[in-house]
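The values are calculated or read from the model by the stated rules, or taken from the named source; none is laboratory data. Just so it is clear, the model here is predicted, and its values are computed rather than measured. Counting neighbours? That spans all protein chains shown, and the Cβs are built from the backbone with ideal geometry, glycine included.
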Amino acid sequence: MKIKLQYTTNTGYEWLEEVVEVNEFNYMNVIDDYIKRNQQQANALENKWQSDGEEVELFLDVEPINTDFSNELFKRIYTYVENL
């Protein structure tokens, strides 16, 4: 299954988008790796906007890419991301 991981603002803009291939065995590791690679940059963007006076926060988000995705697997992935 392909999913898109990204940080989104509270107004819906997407940042640091990355399409990744996951399965029921690796999705947690893939998401954790994405966060490790991108969290520092997401924090820097957030800090820059806030220092410019904007009230913007970035949130980790996920969406399915395939139309034939497994509903059960995506629920587990979405829940995992929500609980981070």
Item to check | Meets criteria (among the hydrophobic types (A, V, I, L, M, F, W, C) and surrounded by 12 or more Cβ atoms within 10 Å (Cβ to Cβ)) for V19 | outcome: no
Next on the checklist: Can you find a residue that is over 11 Å from the mean Cα position of the chain (by Cα), surrounded by fewer than 17 Cβ atoms within 10 Å (Cβ to Cβ) and without any contact (Cβ under 8 Å) to a residue 40 or more places away in the chain anywhere in the range 1-10?
Outcome noted: no
Checklist entry - Can you list the strands (runs of 3 or more DSSP E) found entirely within the range 2-68 that contain at least 3 residues being in contact with a helix residue (DSSP H, G or I) (Cβ under 9 Å, 6 or more places away or on another chain) and either farther than 15 Å from E82 by Cα or modelled with pLDDT under 95 (or both)? => result 14-21
Checklist entry - For L58, are the conditions met, namely being in contact (Cβ under 8 Å) with a residue 12 or more places away in the chain and either in contact with a Gly (Cβ under 6 Å, 6 or more places away or on another chain) or surrounded by 14 or more Cβ atoms within 10 Å (Cβ to Cβ) (or both)? => result yes
